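What follows is a set of notes on a single structure, which appears directly below.
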């Protein structure tokens, strides 16, 4: 991939919604700061905005502390009014645009989640890919971390990922790894107050823009497989559904089968959840190796 051209990108806004994420937000933002520092080496100014959505814990204070200590240009806001993740994201982007007067034509909006860890080349590699494809938005893949599940559940999940992957890209969309040029984002009205706001945004971009909406296979973000998840229709809900369906199919355990099942559940299934891509050599993953199913 060719070197990053910065004449068309002057600013990057990283937006992170967070709800009761005191234990996760610090590590999330430390990874964002590493990616921002790498982008700054290419002359790109990176700003980080965090929304503490209806938090009763120390999410806001910890976010403020991490970003201040890192010397990052940042904004941390309270959001007590939003009812959906889409609304949280939209309000946060609006606040950041008002605060910093970002130039829409040369600013890219990068979205991730508070329980996710971006790799250092997250910003630079995504922008390189967008430039090479002439894209105004890039939907990236994610990898699960912290997931223990029986092999049959992991295989079902892998098949969902595989179904949306092709040689040219993929059809999956994740709010934890979604980038869009700010003028394109604003032209379609930004995030809507709906569930699956990430997919909704991409659908509207595809319907209205003449630029490509590109799908990047390289996994530059690791996201939590915790259950239950924060979003009612998110990844955690999907994993819980797969667990329930697998349990119903199996029926009640047979006598003496408990030990065998426990051993099977600890055995890894190749290709379902792979290690993070080393940041020095970002490559496209095997088809069934990365990501989570939309939702």
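Among the residues of the range 176-193, is there at least one that is closer than 17 Å to residue 225 by Cα and touching a residue at least 60 places away in the same chain (Cβ under 8 Å)?
yes
Just one of 54, 98 is out of contact with any strand residue (DSSP E or B) (no Cβ under 6 Å at 6 or more places or on another chain), modelled with pLDDT of 95 or more and over 18 Å from residue 24 (Cα atoms); which is it? Outline the logic, then answer.
Numbers: 54 fails: over 18 Å from residue 24 (Cα atoms).
When all the criteria are applied, what remains is 98.
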Scope the range 76-123; condition part of a helix (DSSP H, G or I), surrounded by fewer than 22 Cβ atoms within 10 Å (Cβ to Cβ) and touching a helix residue (DSSP H, G or I) at 6+ places or on another chain (Cβ under 6 Å); matching residues = 104, 105
Extreme residue, modelled with the lowest pLDDT, among residues of the range 132-157 that are within 27 Å of residue 121 (Cα to Cα) and in a helix (DSSP H, G or I) | 157
What are the residues in the range 178-205 that are over 22 Å from residue 125 (Cα atoms) and either touching a strand residue (DSSP E or B) at 6+ places or on another chain (Cβ under 8 Å) or part of a loop (DSSP other than H, G, I, E, B) (or both), if any?
-> 188, 189, 190, 191, 192, 193, 194, 195, 196
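The values are calculated or read from the model by the stated rules, or taken from the named source; none is laboratory data. Everything numeric here is computed off the predicted structure, so don't read it as measured data. All Cβ positions, glycine included, derive from the backbone under ideal geometry; neighbour counts span all protein chains shown.
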